[in-house]
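Chemist: What follows is a structure written as structure tokens; I'll ask about it next.
The values are calculated or read from the model by the stated rules, or taken from the named source; none is laboratory data. Everything quoted here is computed from the prediction, not taken from an experiment. Neighbour counts run over all protein chains shown; Cβ positions are idealised from the backbone, glycine included.
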Amino acid sequence: DARVTQTPRDKVTEMGQEVTMRCQPILGHNTVFWYRQTMMQGLELLAYFRNRAPLDDSGMPKDRFSAEMPDATLATLKIQPSEPRDSAVYFCASGGQGGTDTQYFGPGTRLTVL
Amino acid sequence: GENVEQHPSTLSVQEGDSAVIKCTYSDSASNYFPWYKQELGKRPQLIIDIRSNVGEKKDQRIAVTLNKTAKHFSLHITETQPEDSAVYFCAASIGFTGGGNKLTFGTGTQLKVEL
């Protein structure tokens, strides 16, 4: 049963530090999404890629966040410098197999910025 | 862009009763409507989805109905059990050719099934 994987699962860091989150999409999926979830904001789309090309990153604070897909098996989300308001759970999802819109979520990275 | 509204934000039912969660969408071009269940501390998991060429879909105790004219869709859970307690999200997408289109999510419904 193929699943999206994410690392790390938990990250505690201090304000100002760089944070890198990684995602491995399901093999064969051509689309990768990054979401942020907080109690107040629900599921917020930050960025997404199709065939490794960025399609939309309008949900992402550009000054500190960056998302890349260096190859088909790895997507990264970086925050530099991190701030306490970035504390949230970050989910990666993949999809697009067979021309469908179904998305499958990874387990998430719980980020705490002190 | 697409906007999805979800109601209620919290729902409490007695075990064995039915639960209904409703969503409305704004863009008539939307044609794919999934529902996700998220248990505390876990990932959102797809539980059922429906496409715009179908009015209703059932999977055991779960059903989804779609009214394209009114632009709303609903999740129905019958014979609720304590393990149904979770947050449920609806979503919609405008399914451009090729798939992998972005989903617009509702704000979630916290369902609590009480013994």
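Chemist: B:R61 - would you say it is within 14 Å of chain A (Cβ to nearest Cβ), out of contact with any Leu (no Cβ under 6 Å at 6 or more places or on another chain) and of a type outside the set (S, T, N, Q)?
Modeler: The answer is no for B:R61.
Chemist: Mind checking which residues of the stretch B:66-78 are surrounded by 12 or more Cβ atoms within 10 Å (Cβ to Cβ) and either assigned to a loop (DSSP other than H, G, I, E, B) or of a type in the set (S, T, Y) (or both)?
Modeler: Passing the criteria: B:K68, B:K71, B:S74, B:T78.
Chemist: Something else: Return yes or no: is A:V4 within 23 Å of B:G95 (Cα to Cα), surrounded by 14 or more Cβ atoms within 10 Å (Cβ to Cβ) and of a type in the set (A, V, I, L, M)?
Modeler: Here the answer is yes, as A:V4 does meet what is asked.
Chemist: Across the stretch B:6-38, what is the total count of residues that are of a type outside the set (K, R), farther than 15 Å from B:L103 by Cβ and modelled with pLDDT of 95 or more?
Modeler: The initial filter retains those residues of the stretch B:6-38 that are of a type outside the set (K, R), namely B:6-21, B:23-36, B:38.
Next cut, farther than 15 Å from B:L103 by Cβ only: B:7-21, B:24, B:28.
Next cut, modelled with pLDDT of 95 or more only: B:7-21, B:24.
Total meeting the criteria: 16.
Chemist: Just one of the numbered conditions (1) surrounded by 15 or more Cβ atoms within 10 Å (Cβ to Cβ); (2) outside any strand (DSSP E or B) is not true of A:V32; which one?
Modeler: (2)
Chemist: Here's another thing I want to ask about it. Among all residue pairs at least 6 apart or on different chains, which show Cβ distances below 7 Å where the first residue, located in the stretch A:95-114, is facing another protein chain (nearest Cβ under 7 Å) and the second is basic (K, R) and not in a strand (DSSP E or B)?
Modeler: Close Cβ pairs (under 7 Å, with a partner that is basic (K, R) and not in a strand (DSSP E or B)) amount to A:F105/B:R43; A:G106/B:R43; A:P107/A:R9; A:P107/B:R43; A:G108/B:R43.
Quick grid of which residues meet (1) away from every other protein chain (no Cβ under 14 Å); (2) touching a Cys at 6+ places or on another chain (Cβ under 9 Å); (3) assigned to a strand (DSSP E or B):
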position	(1), (2), (3)
A:G59	no, no, no
A:E68	yes, no, yes
A:S82	yes, no, no
A:R85	yes, no, no
A:V89	no, no, yes
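Chemist: Suppose the filter is charged (D, E, K, R) and within 12 Å of chain B (Cβ to nearest Cβ); does A:E44 pass it?
Modeler: It is true that A:E44 is charged (D, E, K, R) and within 12 Å of chain B (Cβ to nearest Cβ).
Chemist: Can you tell me which condition B:T109 does not meet? The list is (1) within 12 Å of chain A (Cβ to nearest Cβ); (2) under 25 Å from A:Q97 (Cα atoms); (3) crowded, with 21+ Cβ neighbours inside 10 Å, and all the others hold.
Modeler: Against the list (1) within 12 Å of chain A (Cβ to nearest Cβ); (2) under 25 Å from A:Q97 (Cα atoms); (3) crowded, with 21+ Cβ neighbours inside 10 Å, B:T109 comes up short only on (2).
Chemist: Taking only the stretch B:8-57 into account, find how many residues are loosely packed, with under 15 Cβ neighbours inside 10 Å, in a strand (DSSP E or B) and more than 10 Å from chain A (Cβ to nearest Cβ).
Modeler: 4
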